[in-house]
Amino acid sequence: MATEEEIKRLAYEIWEKEGRPGGRDVEHYFRARQMLGEKIPTPVLELAFLPPVLELAPVTTLAYCVKCRTKREIQNPQLTRLSNGRRAFRGACPVCGTRMFRIYKA
Ligand SMILES: [Zn+2]
């Protein structure tokens with residue numbers, strides 16, 4: 001079991017290796033925990049540490065597929081951060097494989 005100190009040190013190393021990006025401290029912290037042997041699915045872990053107001057909101061990975069012209073559940077949704085800082089789910093249409101994404105919002 002890794003200590004909090006070890007986790008933080010590793011998170012700091014990841015942050016330095018990635019060129020010291022801003023606003024991704026939580027992500028680095030949990031990636032460090034994963035690297036030290038914890039098994040946490042990435043989307044679940046990210047969602048678990050969103051601010052409380054977002055945590056209480058229903059999370060949906062339903063998105064519009066431009067090819068099927070209907071809404072479908074994103075296959076293998078990955079929580080990602082857009083250039084404007086907002087979070088979004090990114091993945092593929094389960095039927096036709098077209099790339100889909102949906103802004104994560106409360
Ligand atoms: Zn589709």
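The values are calculated or read from the model by the stated rules, or taken from the named source; none is laboratory data. All figures in this text were calculated on a predicted structure; none of them were measured in a lab. Cβ: placed from backbone, ideal geometry, glycine included. Neighbour counts: every protein chain shown. Ligands, DNA and RNA are stripped out before the accessible areas are found, and what is left, the full protein with its side chains, is counted by its heavy atoms. Shrake-Rupley method; radii C 1.70, N 1.55, O 1.52, S 1.80 Å.
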Taking region 25-42, which residues are touching an Asp or Glu at 6+ places or on another chain (Cβ under 9 Å) and surrounded by 15 or more Cβ atoms within 10 Å (Cβ to Cβ)? Glu27, His28, Phe30, Ala32
Please enumerate the residues belonging to region 89-98 that are near the ligand (Cβ under 10 Å from one of its atoms) and in contact with a strand residue (DSSP E or B) (Cβ under 6 Å, 6 or more places away or on another chain). Ala92, Cys93, Pro94, Thr98
Regarding Thr80, is this residue open to solvent by less than 40 Å² (accessible area, probe 1.4 Å) and either of a type in the set (Phe, Trp, Tyr) or under 21 Å from Asp25 (Cα atoms) (or both)? yes
Only listed residue being away from the ligand (no atom under 16 Å from the Cβ) and at pLDDT below 80, chosen from Arg20, Arg33, Arg86: Arg86
